[in-house]
Amino acid sequence: MFTGIVEELGEVVAVERLRDASRLTVRGPLVTSDAAHGDSISVSGVCLTVVTSEEGTFTADVMAETLRRSSLGDVVAGSPVNLERAVRVYDRLGGHVVQGHVDGTGSVLSVTPDEHWTVLRIGLPEELDRYVVEKGSITVEGVSLTVSGVDDGWFEVSLIPTTLHLTTLGAKGVGDAVNLEVDVMAKYVEKLLRAGVVPAPGGPAA
């Protein structure tokens with residue numbers, strides 16, 4: 001589990017294309033300072049398992065399902081990535097509960113800078129639209145963010161200078177793909193409502 005608070009801006013060092021998977025080598029001196037085989041590291045919002053770790057880099061295997069659902073299939077040597085180690089039980093939960101299980105990708109529709117922040121409008125896949133609400137939480141490229149606006153087919157997030165500087169979001173432009181993970185609690189509530197375990201608002205109890 002993660003919190004969506006990016007620890008380090010890393011870099012893809014190498015990509016090995018396999019038949020139905022890829023193996024990434026990523027540079028991240030901070031996140032690898034205590035990394036061991038089997039540890040989890042979020043790479044731009046995707047939870048990956050450390051295979052090897054040495055000299056400030058780690059390797060991880062990315063299966064076909066992950067390549068299909070995320071933008072990791074498009075990374076090349078030199079691509080910047082957001083990195084976060086798995087949260088420890090006694091850590092502060094600075095963002096929100098993030099699984100590192102990307103639900104899909106969106107596309108940057110507009111970038112609107114202001115004096116003290118920048119607003120990103122991101123296209124939202126139809127199947128994820130119902131899970132996104134204004135002032136709710138969403139993970140974009142592994143970054144825990146608050147939804148500042150939402151309408152059919154898109155949502156907006158407002159980014160402070162620190163977020164723009166310390167994550168890959170500061171370099172995103174119109175048309176760029178971004179990994180999205182919606183709040184998992186919304187999906188659990190939806191399933192319980194469909195099963196009749198939790199009564200819908202205004203409806204009879206199960």
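Read-outs throughout are calculated quantities, based only on the coordinates presented, and are distinct from any laboratory measurement. Given the structure is predicted, the values throughout are model-derived calculations rather than measurements. Cβ: placed from backbone, ideal geometry, glycine included. Neighbour counts: every protein chain shown.
Of note:
- In summary, the aspartates and glutamates within cross-link reach of K191, defined as a Cα separation below 14 angstrom excluding same-chain residues under 8 places away, comprise D183.
- Once Rg/Rh (Cα atoms, Kirkwood Rh) is calculated for the structure shown, the corresponding label among [x] 0.97; [y] 0.99; [z] 1.15 turns out to be [y].
- Distance from the stretch 54-126 to the stretch 1-41 (C-alpha centre basis), Å: 12
- 222 nm mean residue ellipticity, helices alone, for the chain (DSSP H n ≥ 4; -39,500 (n - 2.57); rounded to 500): -3000 deg cm²/dmol
- Our summary gives the chain a relative contact order of 22 percent, counting only alpha carbon pairs under 8 angstrom and 6 or more residues apart.
- Loop-resident sites, the stretch 70-148, for chymotrypsin sites (Phe, Trp or Tyr not before Pro), counting at most 12 other Cβ within 10 Å (DSSP): Y90
- Cross-link reach list, aspartates and glutamates versus K187, counting only Cα pairs under 17 Å and skipping chain neighbours closer than eight places: D103, E126, E127, D129, E134
- Between helix 184-195 and the chain: long-axis angle, C-alpha atoms, 0 to 90°, nearest 10: 40
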